Amino acid sequence: MRPARALIDLDALRHNYQLARTVSGAKALAVVKADAYGHGAVRCAKALEAEVEGFAVACIEEALELRDAAIGKPILLLEGFFEAEELALIDQHDLWCVVHSMWQIEAIERARLARPLTVWLKLDSGMHRVGLHPADYQAAYRRLQASGKVGKIVLMSHFARADELDCERSAEQVAVFEQARAGLEGEVSLRNSPAVLGWPQLVPQQQPSDWVRPGIMLYGATPFEQEQALAARLQPVMTLESKIIGVRELPAGEPIGYGARFITERPTRVGVVAMGYADGYPRHAPTGTPVLIDGQPSRLIGRVSMDMLTVDLTDLPQAGLGSRVELWGKNVLASDVAALAGTIPYQLFCNLRRVPLVYSGA
Ligand SMILES: *Cc1c(COP(=O)(O)O)cnc(C)c1O
């Protein structure tokens, strides 16, 4: 059997969730969209279900996957519904629903619902992606209230630049939010992972009844480019690993792999690893990207191909056929690999495919 696999440590997942709770002092929706950032939504949700207040997903298809797996906790649809017809399923499965546009409010007004809908009313406080304009926010709130269809309304917005620790923009977004929601009753939800970890001071009126929405931090990866004290307390959940399936000795001056992107500078012992971009390992990871081989640090050399990649074994005489290789995990941080490959750990995790997920921890 091909040795490539992703180990998923559910104890680490729970540790990271509790960290989000502790540092925020708020209720926390565990964001498990995109198959829990590649970690397997059902297994992750089951591991967290006893301790979370709820989950968040991108769309109803993802929510129904959780409901089909008997997950009974609240589930928030982060983009609400895409078509009015989805309201019947939202009602039937008791899902919570972001509302970010006037057409959604009109659809709710027209809908026939068996129970009051829980709405998270989203303000565009400056990200300019989805969300109601500040000038329309109060009117939207009143219309939902007057519709007779809605129970609770949570007031929410989303940060565009919370991962930039020296940036004023998040504070400006909070000011826009505070002004738009002045006088409105409701719990508040602003913070994603970087805001939970990096901006504890940002929501001065934070109440224990408010909500945070941690995603990437649950999976143990930092959202920041630089070191950050709280992010250092996260435990990586996924270990992407494989084994050495071939070894060859080359003299100096020999090319390795597609495009001869690496030429040996010295007599080199090359290890071939069963892992490639078809598994989600980034093709743009350059020579020098760290790997761990039988617990010893080494580096990627040459171009990543679809099913294999090559590593430098020259200084690791003990390593050879069958040696275990960590591509990212507890020792090689996914955020470091991502930065070298010109991307973010979110994308590395979401791109994972073909490798079996192997769970540990109850
Ligand atoms: C994905 C998402 C989150 C989680 O973001 P992280 O940066 O992964 O913590 C929170 N809120 C909304 C609206 C999202 O779409």
Mean separation of Cα pairs under 8 Å and 6+ residues apart, divided by the residue count of the stretch 238-360: what relative contact order is that in percent?
30
Could you give the longest part of the chain that holds none of the GluC sites (Glu not before Pro) found in DSSP loops with at most 14 neighbouring Cβ atoms within 10 Å?
266-362
I'd like the distance separating the alpha-carbon centroids of the stretch 33-51 and the stretch 72-100, in whole Å.
18
³J(HN,Hα) across the stretch 131-139 via Karplus (A = 6.51, B = -1.76, C = 1.60, θ = phi - 60°), whole Hz, x for Gly/Pro?
x, 6, 5, x, 5, 9, 5, 5, 5
Using the Cβ atoms and a cut-off under 9 Å, what net charge is assigned to the surroundings of Leu29, where Lys and Arg are +1 and Asp and Glu are -1?
+1
Go through the stretch 43-53 residue by residue and turn each phi into a ³J(HN,Hα) via Karplus (6.51, -1.76, 1.60, θ = phi - 60°); whole Hz please, and just put x for glycine and proline.
5, 5, 5, 5, 5, 9, 4, 5, 10, 8, 7
In units of 2.2 N^0.38 Å, the Cα radius of gyration of the chain is 1.13
Among beta bridges assigned by DSSP with both residues in the chain, the antiparallel ones amount in percent, to the nearest 5, to 50
The set of residues whose placed amide H lies less than 5 Å from the amide H of Met308, leaving out same-chain residues fewer than 5 positions away, is Met275, Tyr277
With x for Gly and Pro, the residue-by-residue ³J(HN,Hα) of the stretch 252-267, computed from phi through the Karplus equation 6.51 cos²θ - 1.76 cosθ + 1.60 at θ = phi - 60° and given in whole Hz, is 4, x, 9, x, 10, x, 4, x, 6, 6, 10, 10, 4, 8, 8, x
Amide H neighbours of Val154 at under 5 Å, excluding residues fewer than 5 places away on the same chain, with H built from the backbone geometry, are Val119, Trp120, Leu121
Would you mind calculating the relative contact order of the chain from Cα pairs under 8 angstrom and at least 6 residues apart, reporting the percent as a whole number?
19
Residues with amide H under 5 Å of Thr222's amide H, sequence separation 5 or more or different chain, H placed in the peptide plane at 1.01 Å from N; which?
Ser335
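Roll a 1.4 Å probe over the protein chains and send me the accessible area per residue for the stretch 250-334 in Å².
44
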Can you tell me the dipole magnitude for the stretch 1-137 around its Cα centre, using point charges on the Cβ only (Lys, Arg +1; Asp, Glu -1), in Debye to the nearest 20?
480
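The values are calculated or read from the model by the stated rules, or taken from the named source; none is laboratory data. Keep in mind the model is a prediction, meaning the values are calculated, not measured. Backbone-built Cβ (ideal geometry, glycine too); neighbour counts: all protein chains shown. All accessible areas refer to the heavy atoms of the entire protein, side chains included, with ligands and DNA or RNA removed. Shrake-Rupley method; radii C 1.70, N 1.55, O 1.52, S 1.80 Å.
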